[in-house]
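Here, each number is a calculation from the coordinates, and none is a lab measurement. These figures come from a predicted structure and were not determined experimentally. Glycine also receives a Cβ, built like all others from the backbone with ideal geometry; neighbour counts cover every protein chain displayed.
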Amino acid sequence: MEDSPLPPRPGGMTELEERLLAASVHKRLFTQPAEAATIGRYRVLDRLGQGAMGVVYSALDEQLDRRIAIKLLHAGRGQVHGEARERLRREALALGRLSHPNVVAIYEIGEARDQLFVAMELVEGVTLQAWLTERPRRVTEILAAYVQAGHG
């Protein structure tokens, strides 16, 4: 399947999200799996989250048989989109130069139908906000987590 252009669609779903939903429904109705949605060479599995700059998906790198995360820049137009592309590219380049246990590994910067994506290490866990609110924490425990992040 070709890379998804991923423009917003009526109802707020992107083309990729529509393909993921269709694949899920198809899987439940039929024994043959539907054609997978892809970003570059990666087969998209699930949507993990969304932020101001883009959407993060879990995906499968079938060549290396590993799950990864893909940050896909929101589709956009004009100067603001160009600035966001450059900011994401700089972020990926900076992270790609680092090797530290507290920093995700960057595997690839690419484009899928004019949308920039960053393929990176998939880190299982919860967000810092979820960690902070899942139970009461001591100040020393919170500071230790922030110090680890700061070392990264």
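Sorting check: for 125-136, 45-56, which peptide has the highest mean count of neighbouring beta carbons within 10 Å, and how do the rest follow? Let's see the in-between values first.
On the way: 125-136: 9.7, 45-56: 14.4.
Highest mean packing first, the order is 45-56, 125-136.
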> For L48, which sequence-distant residues (separation of 5 or more, or a different chain) have an amide H within less than 5 Å of its own amide H, given hydrogens modelled in the peptide plane?
Replying inline: V56, Y57, S58
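Just to verify a number: FRET efficiency for I142 and E83, C-beta to C-beta distance, R0 = 35 Å, to 0.05? If you can, show how the numbers build up before the last one.
Numbers: r = 33 Å, r/R0 = 0.95.
For R0 = 35 Å, the calculated efficiency reads 0.55.
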